[in-house]
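Down below is the structure, laid out as structure tokens.
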Amino acid sequence: MATRPLTLYEKIWNAHVVETRDDGTSLIYIDRHLVHEVTSPQAFEALRAAGRPVRRPDLTLAVPDHNLPTTARLDAAGNRLPIADPQSAAQLAALECNAPEFGIEYIGPTDAAQGIVHVVGPEQGFSLPGATIVCGDSHTAAHGGIGALAFGIGTSEVEHVLATQTLLLTRSKTMEVRVTGELRPGITPKDLILHVIGVIGTAGGTGYVIEYRGPVFEAMSVEGRLTVCNMSIEGGARAGLIAPDDKVFDYLKGRPHAPTGSDWDRAVEWWRSLATDPGAQFDKSVTIDAADIEPTVTWGTSPEDVAPIGAVVPAPESYADPSKQEAVRKSLAYMGLEPGQRLSDVAIENVFIGSCTNSRIEDLRAAADVLRGRHKAANVKWAIVVPGSGLVKAQAEAEGLDKVFTDAGLEWREPGCSACLAMNPDKVPAGERCASTSNRNFVGRQGPGARTHLVSPAMAAAAAVTGKLTDVRELVG
Amino acid sequence: MEPVDSVEGRAIPFGRKNVDTDVIIPAHWLKTITREGLGAGAFETVRAEPGNVFDDPEFANAPILIAGDNFGCGSSREHAAWALLDLGIKAVIAPSFSDIFSGNAFKNGILTVALPQEQVDRLLEVAASDPVTIDLENQVVTTPFQDRFTFEIDPFRKHCLMEGLDEVGLTLARDTAIDTYEKRQASDMPWLAHGTERAA
């Protein structure tokens, strides 16, 4: 029987349907569930109250990341240091109690493998291509970079997955973001995804799963793909996908929870069959010319507020929509920027290199390449590098990157979410700017009153050196 | 969950577009291990603005919130829904919602009603002085001025909301189907069946 050509999304979806109901919703099996300390306590509490067990603790992995301080976690004698903030400590304590109580593997704050869940999942081989992966965190979309259908869920859904290992879902529409041509020298995956969000807008992907297609993604490293898919949610899409290929298989092979032996061979065979079939139809298609992408920065308080580093701050009147004009006025007032001001003249006082978007080894290497032999500018008061996991940290130290950062006047920290959302002590002071490799420039995201400019790791490093937003190509290359 | 069949009363005419989850409830409020008490942090940055609608006594205890496009974009934090509930908000009307937020709202019995921008504009106008009624059974929003705006809602969500159903309980009743799927997967895709425990 001839079958209609299918997209990557449809193939993964079809392989996970437990049953489809008369109303069109489907019960979808969840292969991997990552749990962190912020969005899980209420879910475990509900299970406990109802006397319900976790159906598949073996498909669940718990890692604290959001609240953890990024300062030393052990004292000189090797004893674990307490967390000063009592609420953060209580959240961590809840996870440390819930994980063993429900039989879930737990990677704690002093474990060498601890890190941001979205860095740890692929790194441990827990996240796999073609798998359905969820976590109570919207940046779960990141795992789409290895070809998994991965998306963020709320706490009620965390409870639902813990109890049933399924979710009741409606099939999403599909959107193709096709990037043609090649990226110009010095242009990174972060520049690309910021540019894409600028084109489609923060609601452009609502109701869709995005598949990123084209030679740019085939040439891109696995780390770069994770960065791109990570920010799908900033474009409104709950999930983003890139077809898995040999780069992904090489990346995963031999990792602690990756399949082995004949399981591995069978897995690779299936993974190879997942790519979108020729002629498959998408509900929406957007084409972007890679040559149009410049080093990109945000100037406002929405991730769609992007511009090339060579541009000026836009005027509210340059937008047709009156409500967007008003939003831009509010953004510029919050950001302390004037229309017409050159972005490359904007001075910054803080630099944050980290987050689930940009804290993998390749990101740290890119930042270190700019900082090597240089020093942060005098007006940069606070600059921290937060590796995505303990394993990334160890790798960076083996390569001497930590020394490059500290020699340049940056602080080298312990892994966690850190100043991306400032739930731990790492915050940007009110009224100050931060060149940040994170994913959201929302009002107050990096601390009350903090002004965030989203950039790539290389651009953050360049800003640290010059003390202002800077085209990194002026420093290197 | 309490069954919902209608929501009526004053509506907070917020109207703003792209209201993200950090605006609904800033991250420093997420360090709780319960679902209660988040109303105190709801819209913290908006409430710092003089003359904001949330602190206008006219809208005290209003059960409806009216917002602009793409309400609830950003994070998956269900704390956003809990914060609205804690404020006494039982329904949000907007031209569109982020996917994750509308799911979280639904799971907490909050109705999300998507209407075209011009109808939302009309409701913002009415809300300044008069109440709004959302009739879930008939899928219609009405005002004292003969406005009558119908809306779409997923039939399953409508059913759950009107009956106050526990979705986890409903799915647990499908245990046999899940067992069957797991057996098939263990045979067809064994690498997926081994998560943190490796096959011997």
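What follows draws every value from the coordinates through simple rules; no lab data is involved. Remember, it's a predicted structure, so these values are computed and weren't measured experimentally. When we count neighbours, we look across all protein chains shown, and the Cβ atoms used for this are built from the backbone with ideal geometry, even at glycine.
When the Gaussian network model of chain B links Cα atoms closer than 10 Å, the mean-square fluctuations of B:169, B:103, B:39 top out at B:169. For the stretch A:160-201, the direction-averaged projected area of the alpha-carbon convex hull comes to 5.3 nm². For the segment A:322-330, counting C-beta atoms of other chains within 10 Å of every residue's C-beta and taking the mean gives 2. For the stretch A:70-163, just say rounded, prolate or oblate: build the C-alpha gyration tensor, square-root its eigenvalues into a ≥ b ≥ c, call rounded for a/c under 1.5, and beyond that prolate if a/b exceeds b/c, oblate if not. In terms of gyration-tensor shape, prolate. Label point of residue B:170 set 7 angstrom out along Cα-Cβ; within the stretch B:79-121, amide nitrogens under 13 Å from it belong to B:106-109. Among the GluC sites (Glu not before Pro) in the stretch B:1-83, those located in a DSSP loop and surrounded by at most 15 other Cβ atoms within 10 Å of their own Cβ are B:36. In plain terms, the chain from residue A:101 to residue A:4 could stretch by 30.3 nm, reckoned as 0.36 nm per residue minus the Cα-Cα distance. Partner aspartates and glutamates whose Cα lies under 19 Å from the Cα of residue B:158, excluding those fewer than 8 positions away in the same chain, are identified as A:22, A:23, A:157, B:2, B:5, B:8, B:99, B:135, B:137, B:166, B:167.
For the listed residue pairs A:284/B:183; A:324/B:90; A:190/A:284; A:11/A:253; A:324/A:376, the alpha carbons are over 31 angstrom apart in A:284/B:183; A:324/A:376. Taking a straight Cα-Cα cut-off under 17 Å and skipping sequence neighbours fewer than 8 places away in the same chain, the aspartates and glutamates within cross-link reach of residue A:468 are A:338, A:345, A:349, A:432. Just to confirm a number: summing +1 for Lys and Arg and -1 for Asp and Glu over residues other than residue A:50 whose beta-carbon lies under 11 angstrom from that of residue A:50, what do you get? Every neighbour counted, the sum reads -1.
Among the residues of A:39-45, the average count of other protein chain beta-carbon atoms within 10 Å of the residue beta-carbon is 4.
Shape class for the protein assembly as shown, computed from the alpha carbon gyration tensor (a ≥ b ≥ c): rounded, with a/c under 1.5.
When chain B is treated as a GNM with alpha-carbon contacts under 10 Å, the residue of B:99, B:56, B:175 showing the greatest mean-square fluctuation is B:175. The sum of -39500 (n - 2.57) across all DSSP H runs of n ≥ 4, divided by the residue count of the protein assembly as shown, sets its helix-only mean residue ellipticity at 222 nm to -9000 deg cm²/dmol. Ordered by the count of other Cβ atoms within 10 Å of each Cβ, fewest first, A:45, A:37 give A:45, A:37. Per-residue 3J(HN,Hα) values for the stretch A:198-209, derived from phi via the Karplus relation 6.51 cos²θ - 1.76 cosθ + 1.60 with θ = phi - 60°, read x, 6, 8, x, 6, 10, x, x, 4, x, 10, 10 Hz in sequence order (x marks Gly and Pro). What is the sum of charges, Lys and Arg at +1 and Asp and Glu at -1, for the other residues whose Cβ falls under 13 Å from the Cβ of residue B:120? That works out to -2.
With the simple model of a label 7 Å out from the Cα in the direction of the Cβ, residue B:180 to residue B:130 spans 5.4 nm. In terms of surrounding Cβ atoms within a 10 Å radius of their Cβ, A:178, A:21 rank from fewest to most as A:21, A:178.
Annotation note: GluC sites (Glu not before Pro) in the stretch A:168-213 located in DSSP loop regions with a Cβ neighbour count of at most 16 within 10 Å are A:182.
Charge dipole (Cα centre; +1 on Lys/Arg Cβ, -1 on Asp/Glu Cβ; no other charges) of the protein assembly as shown amounts to roughly 1100 debye. Note on chain B: with a GNM built from Cα contacts shorter than 10 Å, the maximum mean-square fluctuation among B:108, B:138, B:70 falls on B:138.
Residue exposure proxy: A:319, A:29, B:181, ordered by other Cβ atoms within 10 angstrom of their Cβ from fewest to most, comes out as A:319, B:181, A:29.
Once you order the gyration tensor axes a ≥ b ≥ c over the Cα atoms, which shape class does the stretch B:1-94 get: rounded for a/c under 1.5, otherwise prolate or oblate by comparing a/b with b/c? Taking the square roots of the gyration eigenvalues as a ≥ b ≥ c, the stretch B:1-94 is rounded. Inter-chain Cβ neighbour count for B:24-37, averaged per residue, equals 6 (cutoff 10 Å, partner chain atoms only). If N is the number of residues in the stretch B:6-164, what value comes out of its Cα radius of gyration divided by 2.2 N^0.38 Å? Here the Cα radius of gyration is 0.96 times the empirical estimate.
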